[in-house]
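What follows is one structure encoded as structure tokens, with my remarks underneath.
The values are calculated or read from the model by the stated rules, or taken from the named source; none is laboratory data. The structure presented is a predicted model; accordingly, all values stated were derived computationally and were not measured. Backbone-built Cβ (ideal geometry, glycine too); neighbour counts: all protein chains shown. Ligands, DNA and RNA are stripped out before the accessible areas are found, and what is left, the full protein with its side chains, is counted by its heavy atoms. Shrake-Rupley method; radii C 1.70, N 1.55, O 1.52, S 1.80 Å.
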Amino acid sequence: MNVAVVKYNAGNIFSVMNALMRLGVEPRLTDDASALRASDRVIFPGQGEASGAMAYLHEHGLDEVIRSLTQPVLGICIGQQLLCRHSEEGDTDCLGIFDAEVKRFLPTRHEEKVPCMGWNALYDLKTPLFQGLGGQMDNVSPASSQSPYVYFVHSYYVPLCQETIATADYILPYSAALHKDNFFATQFHPEKSGSVGERILRNFLELTD
């Protein structure tokens, strides 16, 4: 399988590539439009700041390339946020795949720290991206002891919307994952989420068109 990882000015790229190699995939890190369009799967990962990342994508024509992709695409962390319409971070217009506004967490209690960092439960799981996670395809809200746990690091979040396919709670319920057409996205880091994250990445690779 030909898997491309989008090369741009974001951190945490190589941990994603290492996770794919553990699954037997040799990913290609590239910003070449033809290589991205020709890939069987595209992963759009990263950690960074929205306005700087979008400026880089626009300058290199990658914004239009990503919008044009027709194969399965997986955004991770800031990759999910950049696939949304707009982010409060830097008042940034993003790629607009998901009609959602990315908002900053606003703590209401002393113990609510920003960024949100650590393991958290997922619930209300939908789509084959979460197949096999303990049989929990439509979890009862809120999260239970049977819910899968994944690793998050983020100060901004996507509110719940019609494209939400997984929910997490921190200060408020929010979108832990999104899906529209061939685009999937996770706010959490599957590459840092142990066996649960490995299963999610494998499910993405095995998606049928």
Next item on the list: Taking only the stretch 193-209 into account, find how many residues are open to solvent by 80 Å² or more (accessible area, probe 1.4 Å) and either assigned to a helix (DSSP H, G or I) or hydrophobic (A, V, I, L, M, F, W, C) (or both).
Entry: 4
Item checked: Val65 being at pLDDT 95 or above, touching a Phe, Trp or Tyr at 6+ places or on another chain (Cβ under 8 Å) and surrounded by 13 or more Cβ atoms within 10 Å (Cβ to Cβ) -> no
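Filter the stretch 49-63 for residues that are without any contact (Cβ under 8 Å) to a residue 40 or more places away in the chain and either within 19 Å of Ala4 (Cβ to Cβ) or part of a strand (DSSP E or B) (or both) and give the result.
If the condition is that a residue be without any contact (Cβ under 8 Å) to a residue 40 or more places away in the chain and either within 19 Å of Ala4 (Cβ to Cβ) or part of a strand (DSSP E or B) (or both), then Gly61, Asp63 are the ones that fit.
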Next item on the list: Considering each of Leu74, Leu82, Leu122 in turn, give the residue that is aliphatic (A, V, I, L, M), open to solvent by less than 20 Å² (accessible area, probe 1.4 Å) and over 24 Å from Ser34 (Cβ atoms).
Entry: Leu122
Margin query: Six or more apart or on different chains, Cβ atoms under 8 Å: show the pairs whose first residue is in the stretch 30-46 and more than 20 Å from Ala185 (Cβ to Cβ) and whose second is surrounded by 15 or more Cβ atoms within 10 Å (Cβ to Cβ) and among the aliphatic types (A, V, I, L, M).
Written below: Ala33/Leu62; Ala33/Val65; Ala35/Ala4
Margin query: Can you tell me which residue is surrounded by the fewest Cβ atoms within 10 Å (Cβ to Cβ) among those in the stretch 16-48 that are of a type in the set (D, E, K, R) and in a helix (DSSP H, G or I)?
Written below: Arg22
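Starting from residues that are open to solvent by 30 Å² or more (accessible area, probe 1.4 Å) and touching a residue at least 40 places away in the same chain (Cβ under 8 Å), keep the ones in the stretch 156-180 and report whichever is nearest to Leu82 (Cα to Cα). Don't jump to the end; show me each part of the working.
Of the stretch 156-180, the ones open to solvent by 30 Å² or more (accessible area, probe 1.4 Å) are 156, 159-162, 169-173, 179-180.
Subsequent filtering for residues that are touching a residue at least 40 places away in the same chain (Cβ under 8 Å) retains 156, 159, 161, 169-171, 179-180.
Values: Tyr156: 11, Pro159: 14, Cys161: 16, Asp169: 21, Tyr170: 21, Ile171: 22, His179: 14, Lys180: 14 Å.
Top of the filtered list is Tyr156.
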